[in-house]
């Protein structure tokens, strides 16, 4: 071997993302279920925000969604986060040996962390995209029965974009945030222990 | 730099505290493995073979003593250097193969090269080379689930060789394989040892390993029982 190779261990972002995508593809049903929980939680939040915006314009500031409805949305997001946490913890447990093996190949703790965080970011993105748009559509659909003429009001279009963007951001933050602990646990596994692990 | 001893251990000990009892998995092991040597570590279950494997491979820290790989005390390495050591200096082979299930054979072999910063074209070329050398040139795109036990172990061997390590550590490589397949794997390891001059240390139950080893280290209760050269074992068997 004549060529020089850098004296460090590297895990380029492109490879990390590819690995995360492959992991999601292989465990697709599990990923789908986790994403579904994100979709539902975010859809609820997005629908509520959409209806609130329409209501505000339609009644000229007189009415908005009830406080208890907002609380329900927040709680559904918390439930969604707990679901992600649980799913990710299971994923880490199943892959304990795989993590040990990767450390034998040169992976550092930070690399393991990045793999799991990318997976959750991708799931949050996918779930958030579907959820925020589906929720927005549901919000429009429901409000249509009461205020059909306001649904496509020009001043609301900006608000719609905001709602969808905000819901998407929350989906990703929720997803990655809920994965922090499981990913940290995965990253700190000792190779000797991880390799011995039988589920 | 060429070092005479690839692996050197000095009074290596590993104790586990199980409540009131101290389990002495290793209790003072001094061993020196020459560059290019094929050493088998043998002994009954619980004699400390896997513990020794973990110590030499930098997978666990000893309670006492030191391990030198190419004359570097691995206890003094920080996280980066340790990762580099595992990536570039040591190749690991396990009884349960431990391939990444979501990756194909070729991708499994390329993974350590990614960590080593090898460019993509080079990775592809080398992985094809090594996999062909172990006889799996036509199974590059198969996932581990689509390969037999012997084939998976050959992918694991190819992976262990990916970054041209100075030492290959094998923990019961033939443990999950039948007699014939095990024999093939053992012969493959010996051929690679000769061809590439890579030092091989195997922890094993398999007596078929004796034929191809340069030296055999017998462990008992965490201590060295004896170290024999292959010829000495043959002589002993005849007696």
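Every read-out reported here was derived from the displayed coordinates using simple, explicitly stated rules and does not represent laboratory data. Worth saying up front: this structure is predicted, and the values here are computed from it rather than measured. So basically every Cβ, Gly included, is an ideal-geometry build from the backbone, and we count neighbours across all protein chains shown.
Looking at residue B:63, is it over 19 Å from residue B:154 (Cα atoms), more than 7 Å from chain A (Cβ to nearest Cβ) and either out of contact with any helix residue (DSSP H, G or I) (no Cβ under 9 Å at 6 or more places or on another chain) or in contact (Cβ under 8 Å) with a residue 60 or more places away in the chain (or both)? Yes: the conditions hold for residue B:63.
In this structure, residue A:16 qualifies as within 30 Å of residue B:165 (Cα to Cα) and within 14 Å of chain B (Cβ to nearest Cβ). Can you find a residue in the stretch A:85-94 that is in a helix (DSSP H, G or I), within 14 Å of chain B (Cβ to nearest Cβ) and buried (at least 19 other Cβ atoms within 10 Å of the Cβ)? Within the stretch A:85-94 (the criterion being in a helix (DSSP H, G or I), within 14 Å of chain B (Cβ to nearest Cβ) and buried (at least 19 other Cβ atoms within 10 Å of the Cβ)), the answer is yes, since at least one residue qualifies. For the stretch B:33-46, the condition holds for no residue, the condition being that it is within 15 Å of the chain's Cα centre (by Cα), at negative phi, within 14 Å of chain A (Cβ to nearest Cβ) and touching a residue at least 40 places away in the same chain (Cβ under 8 Å). Quick one: in the stretch B:70-90, which of the residues that are farther than 21 Å from residue A:109 by Cβ and touching a helix residue (DSSP H, G or I) at 6+ places or on another chain (Cβ under 9 Å) is surrounded by the most Cβ atoms within 10 Å (Cβ to Cβ)? The qualifying residue surrounded by the most Cβ atoms within 10 Å (Cβ to Cβ) is B:70. Looking across the stretch A:140-167 at every residue that is within 26 Å of residue A:84 (Cα to Cα) and in contact (Cβ under 8 Å) with a residue 60 or more places away in the chain, the one that is surrounded by the most Cβ atoms within 10 Å (Cβ to Cβ) is identified as A:167.
Scanning the stretch A:95-147 for residues that are outside any helix (DSSP H, G or I) and farther than 22 Å from residue A:35 by Cβ gives A:105, A:106, A:107, A:108, A:147. Restricting attention to the stretch B:34-56, report how many residues are assigned to a loop (DSSP other than H, G, I, E, B), closer than 22 Å to residue B:225 by Cβ and in contact with a helix residue (DSSP H, G or I) (Cβ under 8 Å, 6 or more places away or on another chain). Adding up the residues that qualify gives 1.
Tell me whether the stretch B:162-173 contains one or more residues that are out of contact with any helix residue (DSSP H, G or I) (no Cβ under 9 Å at 6 or more places or on another chain), under 21 Å from residue B:51 (Cα atoms) and surrounded by fewer than 21 Cβ atoms within 10 Å (Cβ to Cβ). The answer is no; no qualifying residue exists.
Looking only at the stretch B:96-108, which residues are under 16 Å from the mean Cα position of the chain (by Cα) and under 12 Å from residue B:157 (Cα atoms)? Across the stretch B:96-108, the qualifying residues are B:97, B:98, B:99. Taking the stretch A:118-138 as the range and being crowded, with 24+ Cβ neighbours inside 10 Å and more than 14 Å from chain B (Cβ to nearest Cβ) as the test, the residues that pass are A:120, A:123, A:124, A:127, A:128, A:131, A:132, A:135. The set of residues in the stretch B:101-113 being facing chain A (nearest Cβ under 9 Å) and without any contact (Cβ under 8 Å) to a residue 40 or more places away in the chain consists of B:107 alone.
Only one entry in B:80, B:92 is within 9 Å of chain A (Cβ to nearest Cβ) and touching a residue at least 60 places away in the same chain (Cβ under 8 Å), namely B:92.
For the stretch A:96-114, does any single residue satisfy the condition of being in contact with a strand residue (DSSP E or B) (Cβ under 7 Å, 6 or more places away or on another chain) and either under 17 Å from residue B:102 (Cα atoms) or in contact (Cβ under 8 Å) with a residue 40 or more places away in the chain (or both)? Within the stretch A:96-114 (the criterion being in contact with a strand residue (DSSP E or B) (Cβ under 7 Å, 6 or more places away or on another chain) and either under 17 Å from residue B:102 (Cα atoms) or in contact (Cβ under 8 Å) with a residue 40 or more places away in the chain (or both)), the answer is yes, since at least one residue qualifies.
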